[in-house]
Amino acid sequence: MPPLKGRLSGAKAKAIMKLSNLGEFGLIHAIQQRSSGRSPDAMIGIGDDAAVLKIGPAKLLLATTDMLIEDVHFDLSYTDLYSLGWKSASVNLSDIAAMGGVPRFCLTSLGLPARIPVKAVMDFYRGFNALLRIHKTVLVGGDTCSSKGGLVISVTALGEAKKRTVISRTGAKRGDRIFVTGTLGDSGAGLELLRNADCGSRNDKSKILNPKSAIAKLIERHLRPMPRVEWGRQLALSGCASSMIDVSDGLSSDLSHLCEESNTGALLVADTIPFSSALLRSAYQLRKPPLHYALSGGEDYELLFTVPPARVKALEALHIPVTGIGTITAGNAMFLVNAAGEKVALRPTGYNHFKKANDRS
Ligand code: ADP
Ligand code: MG
């Protein structure tokens, strides 16, 4: 893509320079175009779930970083600090999982407003380290400073992978089957339930909610997601997956990232998208159908990946809970076969910073 200023002039150039016009992914693309250069040791740089860096003849370092900003990514009126710590670790380890790698180390940077008590910070690290321990990952550094605004959290995760097995977003080919691990939509539905004023604050809710109830399960999946590290690793070691991404923005958006990077299109079949029984049982309390939360909700942190037809048998032999939801196609367009059997265009409607909720592509 040519430099933005070179392409447009006058009022149009000014308009496109607004973040809301460029959108999150347009801005990342512009940053990528202006990178200081390329290194032969950066096998994968900007554009995938994690950077893949050569540090030995066969060893690869995986590096990824994610920020969580108060009132953008979380709301302290319904998020406890233990869950926030857990989730901050999860979202980063999920990007290592999406490359088929093994997470090893994390660094955390905090911008702390004066109103946050020490106990809250300690609760954050209890949750953070609990998730790290499950995945044998260690906190090795970070940075701490005050914030005049909201609470700011930045986490960097480092992992490793072998050269042969790392899975990028770029390897999908026409005819490959599209699969997803676990179930989709729970996290988005859980967020809606948390935001729903009728439910009251999280503290009220934990008193009234039976932890085994469907609603509690959806909320749990939003507040304490589990990165699919072991499944990602099995997919990588078995050589089944031709491309992979984690579902952080929403199925429609994450599939569009995968298609863009692989230069393909996709056909999804709505009826095959897997939903949890908790989501199906909560239909009455939710404003939208399960498909909406799967396509647009995001933060499920499941793995979305493609498998060449000849490798589908090998995938089944892994006994990972996966569901086939469509096929990679030629061209760049995405389509969905809806419940009525009609083939309709599928737009990326998941989360995009800087865009309004109804204009998320
Ligand atoms: P994910 O949702 O998997 O965390 P993102 O959509 O945040 O991925 O980022 C996509 C790609 O863009 C990644 O390779 C990431 O490292 C890169 N990226 C995002 N923001 C920046 C930035 N400000 N500078 C450089 N690279 C960035
Ligand atoms: Mg990702």
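FYI, it's all coordinate maths here, none of it is from the lab. Bear in mind the structure is a predicted one, so any value in this text is a computation, not a measurement. For neighbour counting, all protein chains shown are included, and Cβ atoms are generated from backbone atoms with ideal geometry for every residue, glycine included.
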Residues TRP231, TRP86 arranged by fewest to most Cβ contacts within 10 Å: TRP231, TRP86
Cα principal axis extents for segment 258-345, largest first, Å: 41, 32, 25
ARG104 long-range amide H proximity, modeled H, under 5 Å: LEU158, GLY159, GLU160
In Hz, Karplus ³J(HN,Hα) per residue of segment 316-326 (6.51, -1.76, 1.60; θ = phi - 60°; x = Gly, Pro): 4, 5, 6, 6, 8, x, 10, 9, x, 10, x
Sequence-distant residues sharing a close amide H with PHE335 (under 5 Å, placed H): ALA266, LEU267, LEU268, LEU346
Average Cα contact separation per residue, the chain, under 8 Å, 6 or more apart, as relative contact order %: 21 percent
Largest-first principal axis extents of the Cα set of the chain (Å): 51, 51, 49
Cα-centre dipole for the chain with unit charges at Cβ (Lys and Arg positive, Asp and Glu negative), debye to 20: 440 debye
Residue-averaged 222 nm ellipticity for the chain, from DSSP H runs of 4+ at -39500 (n - 2.57), nearest 500: -9500 deg cm²/dmol
